[in-house]
Amino acid sequence: MTMQNPRPAIRTTCPYCGVGCGILATPDGAGGLAVAGDPDHPANLGRLCVKGSALGETVGLKGRLLAPQIDGRDAGWDEALDLVARRFSDCIASHGPDSVAFYVSGQLLTEDYYVANKLMKGFIGSANIDTNSRLCMASSVAGHRRAFGSDTVPGLYEDLEQADCVVLVGSNLAWCHPVLYQRLAAARESRGTKVVVVDPRRTATCDIADLHLPLAPGSDAVLFNLLLAEIDRHGLVTERPDGLAEALATARATLPQATGLPHSALQQFLDLWCGSGRVVTVYSQGINQSDSGTDKVNAILNCHLATGRIGRPGTGPFSVTGQPNAMGGREVGGLSNMLACHLEIENPVHRDAVRDFWQAPRMAAKPGLKAVDMFRAVEDGRIKALWIICTNPAVSMPEADRVARAIAGCDFVVVSDMMARTDTTRLAHVLLPATGWGEKDGTVTNSERRISRQRRSLAAPGQARDDWRIIADVAARMGWADAFDWDSPGQVFAEHAALSGVAGALGGDFDISDHAGITGPQYDSLQPFLWPQSPRRKGGRFFGDGRFHTASGRARMVSVTPRLPQPAPGAWPFLLNTGRVRDHWHTMTRTGLSPRLSRHLAEPFLELHPADAARLGLRHADLAQVASPHGSAILRVLVTDRVAPGHPFAPIHWTNETASRARIDALVPGVVDPVSGQPASKSANVAIRPFKAEWYGFAVSTRPIQPACDYWARAVLPMGHQAELAGTDQPQDWTQTARTMLGMTGEPLAVHDPRKGIRRLAFIADGRLQAALFVAPHPVMLSRSHLIASLNAGCGGDILAGRPGADQPDAGALVCACFSIGMNTILHGIETQKLMTVEAIGRALGAGTNCGSCKPDLKNLLRTAAAGRTEAPVG
Ligand SMILES: Nc1nc2c(c(=O)[nH]1)N[C@H]1C(S)=C(S)[C@@H](COP(=O)(O)OP(=O)(O)OC[C@H]3O[C@@H](n4cnc5c(=O)[nH]c(N)nc54)[C@H](O)[C@@H]3O)O[C@H]1N2
Ligand SMILES: Nc1nc2c(c(=O)[nH]1)N[C@H]1C(S)=C(S)[C@@H](COP(=O)(O)OP(=O)(O)OC[C@H]3O[C@@H](n4cnc5c(=O)[nH]c(N)nc54)[C@H](O)[C@@H]3O)O[C@H]1N2
Ligand code: SF4
Ligand SMILES: [Mo]
């Protein structure tokens, strides 16, 4: 297709994290998009992080699901939708409404989510709809409801900029909410905000920390109980919430030892919190994903409630949401224990209000199954028809192998996804192709309650359809055409807004009924706005007036008795922590398409303390086998004192599509918080031992690599593909093995050093490198960046030297993804140009001057250079 004139920029919102940055997307007319930060969006004011900046690299057709499929064959929409409707209807008729379930996602747009929830809770008549937000925000929701009587995030992003002290608890903001982190870093720079990071791990976020508290895993409630007692001692209790006396009594009885923190650091924290008038406590998965997550949330909320540091500028607890529409999902009632518009399913008045509004034939009367229990019910056959939309539970659920087996054994499984091949789509009977970001219209709500439009800028590929429409079409075929007869997502939004007015009249917090009569053109031009927006109330903070949504109108403090992770059983002596890396998004179905995003950390890894590594006989870059009672994984070892002894860390992103055995949730037990049902994803008891391979390899190819060996991890490159490899058996014929794995024919150039056990093969055509495989008896030490840069470029026989020539310095591991600047280039610059600051590196080399996501890594490199060491800078 020829390039046409660029079209005007379209204002939309980033599909990744809950910061909810505004984006200007400019279609190039040939299916591509140029992406820039929207200077007018209040969340980011023009900034974007590296994932947002790379969106243009992920919108191609590669890997897309383009037609409905039934049992692996392409089918038409009518056939597929008829089948889904018939199987769900039959199941409900024979076994009742609770024999079916939907498992949905905080990455759906509000309109998609509203339709799914309406179908299940009002028409099918079951509350068996749960969402991946159960794995993410459920403890925050439960904590908010206990303390405030509603699931309300009280504050705004600007509070982080107006605070004197910001405490980040269990949040790696630098990597997971990068633009909010940049806003905080800028505020700290200009007004000296004190920043405290509470995390067992020394993360990139610690880069701006005045104080890092590497507390013992799971001991957060101890810390915040100690804080509450200190608040009381200082006479800072200014409010009288319900439950104050009990909470204080428990707090006073809490002993500090369990935090494992030195007294001085602990006291410094208590002094900072008590001594700063304006404090914001930001928290995320280090709090939520715990078997006492809800209690941890309330231990934090208690401190803010007792001091009245809530709902006023620069103050408040702040649960930052992970997914782009985690908040929207909560608003529509996507969790199995909620109703639409923050109404309560157990409350008959609320149920009747929703029933009347929907004219619902069969309202769910009780909460449905929460995610972990839902997949248990799939496993034991109580649920016979399951529809999974916009999430990849075969990877992301705890006990992931068991969950995958349960899905595989279910009578009827429908999966709606953008992508053809995921670990979950592989298990479906019916696959429904969904439009994705850039192709669909709707709204999302970010962490500060701001509702923004996502706007379509690209045509739907193949036969893909919008999720809301797919669900509504099934509902119509199940006999409810009238209730699901919208023509556009704008009409769905209007209905949702009208229902929120009903909720608002009942005293609910979520009310956007100003938009109940929104017209198509108004929806098209809708500007980002904060909820609530109703005749009763507009935007702003909640609870500054001291009024809460409880029966008494007062806030509730919860007396929290800290529960710590059980001591590790002998056979599983390590407590594995899990989480995210800077440049990948969850199961990588989209970020994995971007070469730029795949180079920061190209392989699944295990951060292991040097003392543990020494004891286990593991060195940097060795492979380790990590096992729990539930499953196992093989991971590359990264020896670092960023983690504590006994508490290794592994990222969650690799799947069976991208690695041989690295699905971390295969190791994680299905243990949940008793109040919220959220899994304790940050603590798996595991055993670790060296994975002894006979050979290790690194391969590049212009063609997709199909590894056939015990260990592999693959990633895309600008000019093809790469794979890390290892095996326990030497292949009989290396040339044939290389041809098969690398998709090559013909004779490779080869060297073999039997004494050192080294083998190198290169496939060269027309003087250009097509593929190469380097094999050694130990983890392959070679300049990967040189081989990567040589792929599909002119090369000679010296390519087998594995090292760049004198005129081609090895750039090293990628640090600045925006400008493709490697570690060695930066270290060289620091050395030769005497660069002393991150800004100086930016001026001299450009690194860190676009999205800024790598600035913590640059600081680390400056420290590394100063210390004369060469520790890996990231990870
Ligand atoms: N790059 C990137 N960004 C993302 C995502 C992504 O996939 N990639 N996903 C998005 C989503 S959905 C979410 S939910 C957010 C998550 O955002 P975060 O919660 O910030 O990220 P995580 O890495 O899951 O975990 C945060 C930290 O919790 C720490 N932690 C573990 N156990 C404890 C503990 O007991 N106490 C304390 N205080 N800390 C502990 C871990 O060491 C980790 O550094 O990120 C969002 N942003
Ligand atoms: N051990 C451990 N496990 C965890 C976590 C952890 O920290 N540790 N974090 C948990 C958290 S917080 C989260 S949020 C989950 C995330 O886990 P998942 O939700 O399973 O991960 P994603 O890769 O985001 O899955 C989204 C899927 O939807 C598809 N998709 C994208 N856009 C659309 C769309 O518009 N429509 C449709 N139909 N499909 C679309 C994508 O291709 C992809 O397959 O993982 C959880 N699991
Ligand atoms: S911080 Fe990055 S990932 Fe999050 S919304 Fe903004 S651009 Fe997207
Ligand atoms: Mo999440």
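The values are calculated or read from the model by the stated rules, or taken from the named source; none is laboratory data. As the structure is a computational prediction, the values presented were derived from the model and not from experiment. Here the Cβ positions follow ideal geometry from the backbone for every residue, glycine too, while neighbour counts run over all protein chains shown.
Numbers at a glance
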item: Any chance Leu61 is away from ligand 1 (no atom under 16 Å from the Cβ), surrounded by fewer than 22 Cβ atoms within 10 Å (Cβ to Cβ) and either under 23 Å from Met588 (Cα atoms) or touching a residue at least 60 places away in the same chain (Cβ under 8 Å) (or both); result: yes
item: Residue that is surrounded by the most Cβ atoms within 10 Å (Cβ to Cβ) [pool: residues in region 499-518 that are closer than 19 Å to Met327 by Cα and touching a Gly at 6+ places or on another chain (Cβ under 7 Å)]; result: Asp511
item: First in region 477-498 and in contact (Cβ under 8 Å) with a residue 12 or more places away in the chain and among the charged types (D, E, K, R), second anywhere and crowded, with 17+ Cβ neighbours inside 10 Å and in a helix (DSSP H, G or I), Cβ under 8 Å, 6 or more apart; result: Arg477/Leu81; Arg477/Val84; Arg477/Ala85; Asp485/Ala472; Glu495/Tyr114
item: Residues (among the aromatic types (Phe, Trp, Tyr), within 22 Å of Thr435 (Cα to Cα) and part of a helix (DSSP H, G or I)) located in region 469-501; result: Phe484, Phe493
item: Residues within region 667-715 that are among the hydroxyl-bearing types (Ser, Thr, Tyr) and in a loop (DSSP other than H, G, I, E, B), tallied; result: 4
item: Residues of region 377-393 satisfying the condition of being outside any loop (DSSP other than H, G, I, E, B) and either within 16 Å of ligand 3 (Cβ to nearest atom) or touching a residue at least 60 places away in the same chain (Cβ under 8 Å) (or both); result: Ala377, Val378, Ala385, Leu386, Trp387, Ile388, Ile389, Pro393
item: Which listed residue is away from ligand 1 (no atom under 14 Å from the Cβ) and crowded, with 23+ Cβ neighbours inside 10 Å, from Arg582, Arg619, Arg636, Arg615; result: Arg636
item: Of the criteria (1) farther than 28 Å from Ile470 by Cα; (2) within 16 Å of ligand 4 (Cβ to nearest atom), which one Ser105 fails; result: (1)
item: Selection within region 752-767 - basic (Lys, Arg) and touching a strand residue (DSSP E or B) at 6+ places or on another chain (Cβ under 6 Å); result: Arg759, Arg760
item: Residue check for Val100: within 16 Å of ligand 1 (Cβ to nearest atom) and either surrounded by fewer than 24 Cβ atoms within 10 Å (Cβ to Cβ) or touching a residue at least 40 places away in the same chain (Cβ under 8 Å) (or both); result: no
item: Residue, farthest from Ala258 (Cα to Cα), within region 204-219, restricted to residues that are away from ligand 2 (no atom under 16 Å from the Cβ) and not aliphatic (A, V, I, L, M); result: Asp207
item: Residues (buried (at least 21 other Cβ atoms within 10 Å of the Cβ) and within 29 Å of Val672 (Cβ to Cβ)) located in region 352-369; result: Val354, Ala364, Gly368, Leu369
item: Hits in region 1-22 (condition: under 19 Å from Ala460 (Cβ atoms) and modelled with pLDDT of 95 or more); result: Ile10, Thr12, Thr13, Pro15
item: Residue among Val59, Val35, Val19 that alone is of a type in the set (Val, Ile, Thr), within 16 Å of ligand 4 (Cβ to nearest atom) and in contact with a Leu (Cβ under 6 Å, 6 or more places away or on another chain); result: Val19
item: Residue identified as within 16 Å of ligand 3 (Cβ to nearest atom) and hydrophobic (A, V, I, L, M, F, W, C) among Met338, Met327, Met418, Met363; result: Met327
item: Qualifying residue in region 168-179 (condition: outside any loop (DSSP other than H, G, I, E, B), more than 16 Å from ligand 2 (Cβ to nearest atom), surrounded by fewer than 24 Cβ atoms within 10 Å (Cβ to Cβ) and among the hydrophobic types (A, V, I, L, M, F, W, C)); result: no
